[in-house]
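To start, the structure under review is shown below, and the notes come after it.
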């Protein structure tokens, strides 16, 4: 069976993980977001904001983790697999920062293709900053624009997910996918 790979992405604080959790509760398989794990591991080593201190190292770790998730999914027995962020997110964030990055970042995007992409636009009423989410709401809007541009430049058909309760948003995604 070939598993359909579906990315749920968007700027920080737009509700991606909440939707992923809702879909998991409905019985769908999810590849979780890994950036918070990398941030917490760096903090344990005394690096308060790895993304700000060394964006290339942080992004390299994210890229490796997301590529590994993509490879791990080859063992998936489900008809579809949802990803809480995709590999192109790494490049979009680097573009947002204006940081140069090696060709392997581009190659990873070209070699690991997703079937569907759902983007969540910024939603101010649910946006909350915390220890791992340091961006302001205005920065979140900019990041969304970079994400949209990156996925579009890679040729993806992007589905924008409207605001609403997690269940409604999840059902919207499932409706688009005919699930």
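So the values come out like this:
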item: Tally, over region 94-116, of residues that are more than 21 Å from residue 159 (Cβ to Cβ), in contact with a helix residue (DSSP H, G or I) (Cβ under 6 Å, 6 or more places away or on another chain) and not in a helix (DSSP H, G or I); result: 2
item: Filter result for residue 143 (within 13 Å of residue 13 (Cβ to Cβ), touching a helix residue (DSSP H, G or I) at 6+ places or on another chain (Cβ under 6 Å), surrounded by 14 or more Cβ atoms within 10 Å (Cβ to Cβ) and at pLDDT 80 or above); result: yes
item: Residue pairs meeting the criteria (Cβ under 7 Å; at least 6 apart or on separate chains; first free of Cβ contacts under 8 Å to residues at least 60 places away in the same chain, in region 151-164; second in a loop (DSSP other than H, G, I, E, B)); result: 160/121; 163/123
item: Members of region 133-160 found to be over 15 Å from residue 116 (Cα atoms) and part of a helix (DSSP H, G or I), listed by number; result: 137, 138, 139, 140, 141, 142, 143, 144, 145, 146, 149
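The values are calculated or read from the model by the stated rules, or taken from the named source; none is laboratory data. Treat the numbers as computed from the prediction; the structure is a model and nothing was measured. Here Cβ is always computed from backbone atoms with ideal geometry, including for glycine, and neighbour counts include all displayed protein chains.
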